[in-house]
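Some notes on the structure that comes next.
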Amino acid sequence: MSLDPFCKREETRGTVFYETKHFMLLYDIRPVVRGHMLFVSKRHVEDVLELTQEEVADMHAAFRIVIPKTLDIYCPEDRSYDLTSQIGRYSGRTIPHLHFHLLPRFKSDGYQGSAASTIFEDLALNKTHFTARQIAAEVKLLRKEFGYSLQH
Ligand SMILES: [Zn+2]
């Protein structure tokens, strides 16, 4: 069985900007809103229910660090966000490796407060509103904000 993209170091190193013991934060390669990022478990699991208690505690600690800082960066006034995960073959997931999408939501995000399902429809249609250069700039910004540097 071939490795999925989240299990391949060479696929994640371009967009990773923060890590905890059990999770890594990646900027989405097809962001639907500015600041769209992914919490990805380092261990290959498909379902949140497969996480150990230690991994759940680590995930929650990552939420508490990353979410407020992300809102400070992308929507300091509106402070809204969507946190979603698609689990199981009928959920609409694309990569069968546990990840949570974090989407900063703000008044001018282009979705006027619609549910994430609308946003993910755009994702399925491959509508991306950002260029590779813009994405690289966001990764650079987030690495700076989170004090992250690649180890090698
Ligand atoms: Zn995997």
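Restricting TYR148, TYR81, TYR74 to those that are touching a residue at least 40 places away in the same chain (Cβ under 8 Å) and crowded, with 17+ Cβ neighbours inside 10 Å reduces the list to TYR74. Where strands (runs of 3 or more DSSP E) fall wholly inside segment 1-102, the ranges with 1 or more residues that are within 13 Å of the ligand (Cβ to nearest atom) are 23-27, 37-41. Taken as a whole, segment 92-101 holds no residue that is farther than 21 Å from THR12 by Cα, buried (at least 17 other Cβ atoms within 10 Å of the Cβ), in contact with a Phe, Trp or Tyr (Cβ under 9 Å, 6 or more places away or on another chain) and modelled with pLDDT under 95.
Contact map, segment 93-106: residues that are under 15 Å from LEU142 (Cβ atoms) paired with residues that are in a loop (DSSP other than H, G, I, E, B), Cβ distance under 6 Å, separation 6+ or inter-chain. Pairs shown: LEU103/VAL33; LEU103/HIS36; PRO104/GLY35; PRO104/CYS75.
Restricting segment 103-125 to residues that are aliphatic (A, V, I, L, M) and farther than 19 Å from TYR27 by Cβ, which is farthest from the ligand (Cβ to nearest atom)?
Quick first cut of segment 103-125, residues aliphatic (A, V, I, L, M) only: 103, 115-116, 119, 123-125.
Applying the additional criterion that residues be farther than 19 Å from TYR27 by Cβ yields 115, 124-125.
Values: ALA115: 28, ALA124: 21, LEU125: 25 Å.
Within segment 103-125, the match that is farthest from the ligand (Cβ to nearest atom) is ALA115.
Rundown of residues vs (1) exposed (fewer than 15 other Cβ atoms within 10 Å of the Cβ); (2) of a type in the set (D, E, K, R); (3) within 20 Å of ILE87 (Cβ to Cβ); (4) in contact with a helix residue (DSSP H, G or I) (Cβ under 6 Å, 6 or more places away or on another chain), yes/no style:
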site	(1), (2), (3), (4)
PHE6	no, no, yes, no
LYS21	yes, yes, no, yes
MET24	no, no, yes, no
GLU50	yes, yes, yes, no
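Pairs meeting the criteria (first residue in segment 1-24 and of a type in the set (S, T, N, Q), second residue within 15 Å of the ligand (Cβ to nearest atom) and outside any loop (DSSP other than H, G, I, E, B), beta carbons under 9 Å, at least 6 apart or on different chains) are THR12/PRO5; THR12/PHE6; THR12/MET24; THR12/LEU26; THR12/VAL40; THR15/LEU26; THR15/LEU38.
The values are calculated or read from the model by the stated rules, or taken from the named source; none is laboratory data. Since the structure is predicted, the reported quantities are computational estimates derived from the model, not experimental observations. Virtual Cβ from ideal backbone geometry, glycine too; neighbours counted across all protein chains shown.
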